[in-house]
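The values are calculated or read from the model by the stated rules, or taken from the named source; none is laboratory data. All values reported here derive from a predicted model rather than from experimental measurement. Positions of Cβ are generated from backbone atoms using ideal geometry, with glycine treated the same way; all protein chains shown enter the neighbour counts. Side chains included, ligands, DNA and RNA excluded: accessible areas come from the protein's heavy atoms. Shrake-Rupley method; radii C 1.70, N 1.55, O 1.52, S 1.80 Å.
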Amino acid sequence: MPTLLSKSRSLLVCLIVLVWMARASAINVYVDYTYDTSQFFGTGNPQGGAAGVQAKAALEAAANYFSAILTDSFLAIQTPSPYPSSVSNGLVTWSWNESFTNPASGTMTSVIDATVQANQYVVYAGARGLGGATAGVGGSGGYNWSRTISGENTFSQSDIDNIHAISDSFENAVETRGQTSGFSRWGGSIAFDTSDRTWHFNHTTAPLASESDFYSVAIHELSHALGFGQVGSGTAWNVYVNAGNSTFIGPYARAANGGASVPLSTDLAHWAAGTTSTVYGSATSQEAAMDPDILNGTRKFFTTLDAAAMRDIGWELTTPPGVPGDYNNNGAVDAADYALWRHGGPLANEVASLGIVNSADFTAWRERFGNLAGSGMGFASGAVPEPAGAGMLVGGCWVLVRRWRRR
Ligand SMILES: [Zn+2]
């Protein structure tokens, strides 16, 4: 019989594993569909409801890509509770607002006293007719915060100390998310074109020559929402823009560009058209995601140069994740991964029950069978082996939990 002590120790091991996994990548790029008033990401999609579902899946995949590579830790933003004076009827209240371009209308809008979770980066997504050749737009948001006193302005010294501490903490969360330097924010907004355009929404297949690839545009606009190309005085981006000769001089970007400053397009918010790099985490050459345009029928991934600029403006990035479900990390989700799972791991690129080898890992692998490195695209090929039964499951906390239940 396990003692209470041994149970506790096992639980502690589980917690340590979970905490460690959570730290591997901290930022959660959270897509908020509140302003998708036309239901572009659902039944109102101009290409039909099924296309709307695919659009949402593709945008979530693009957001998840950034969640997997951004490793900063951001404070939560929560409007403090009102603070009553201990010596009068005075009351201090705080407020803040997010301001951003409403993706459905293109006009500035604001949300008052939203709660933003720790490490969450909120991106409001929607769609409207953007006109011309514009496939999408995106940008980071603005903010304001305030402190107001109502009633008598009489407070004890202890009240005043507390109020200052609350204000400082609130200001720190709203303005910098607790970061000491570089770009940090509550979030931003992105919009996709609904006018005369045929989108390719399925992010697991390649676009036809006549189609605009939605996943590629989502990666591009999310980058803008994360601060890439945010022109304006004093922005983290502008620090590294040499407007005199239209180049970007951030040290990481220069290093990724063979030591040379990187030419920018005339808007100073993109790389010059045709700038090439390599798909981030691979040696595959590709036009940068953050040049100003994309050809129909083309899929573009985030590149090493794009990632370098994100580092320059203050983001901490990890190397891109391997292919989810590629348990032996050979670049493909294939039968060898199944064999490794059967033998109890250890598993690289796990997507379910992290750190534990169990049936959820089999399901995750089967769903991704045939997926390849560097693409995020899945092309299933061949038969998928079935598991021989639950009895093979080995190792980890899952088994310990089962044992306790049995006894
Ligand atoms: Zn752009």
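Here are the numbers:
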read-out	value
Positive-end residue of Pro82, Asn202, Val116, charge dipole of region 60-212 with Cβ unit charges	Asn202
Inter-label distance, nm, simple model (7 Å from Cα along the C-beta direction), Val231/Tyr30	3.2 nm
1.4 Å probe accessible area per residue over region 152-205, in Å²	44 Å²
Label-zone membership for region 146-173, site Thr93, 7 angstrom Cα→C-beta point, backbone N under 13 Å	146-151
Label zone at Ala243, where the point sits 7 Å out along the Cα-to-Cβ direction: region 199-229 residues whose backbone N lies under 19 Å	228-229
Within-14-Å neighbourhood charge of Asn102 [Cβ basis; K, R +1; D, E -1]	-2
Directionally averaged shadow of region 27-203, computed from the convex hull of its alpha-carbon atoms, nm²	11.9 nm²
About the Cα centre, charge dipole magnitude for region 27-203 (Lys/Arg +1, Asp/Glu -1 at Cβ), debye	500 debye
Semi-axes of the equivalent ellipsoid for region 228-317, Cα gyration tensor, largest first, Å	20, 15, 12
Full-stretch length increase - Glu175, Arg366 - with 0.36 nm per residue and alpha-carbon distance subtracted	64.4 nm
Region 153-226: relative contact order in percent, alpha carbon pairs under 8 Å with at least 6 residues between	21 percent
Approximate spin-label separation Ala76-Ile160, in nm, with each point projected 7 Å along Cα-to-Cβ	3.1 nm
Efficiency of FRET from Cβ geometry, Asn64 and Ser146, R₀ 45 Å, rounded to 0.05	0.80
Relative packing of 252-263, 142-153, which averages over residues the other C-beta atoms within 10 Å, highest first	252-263, 142-153
Around Ala288: net Lys/Arg minus Asp/Glu count, Cβ-Cβ under 13 Å	-3
Area accessible to solvent at Ser210, 1.4 Å probe radius, in Å²	80 Å²
With every protein chain in place, region 27-203: carbon and sulfur % of accessible area (1.4 Å)	48 percent
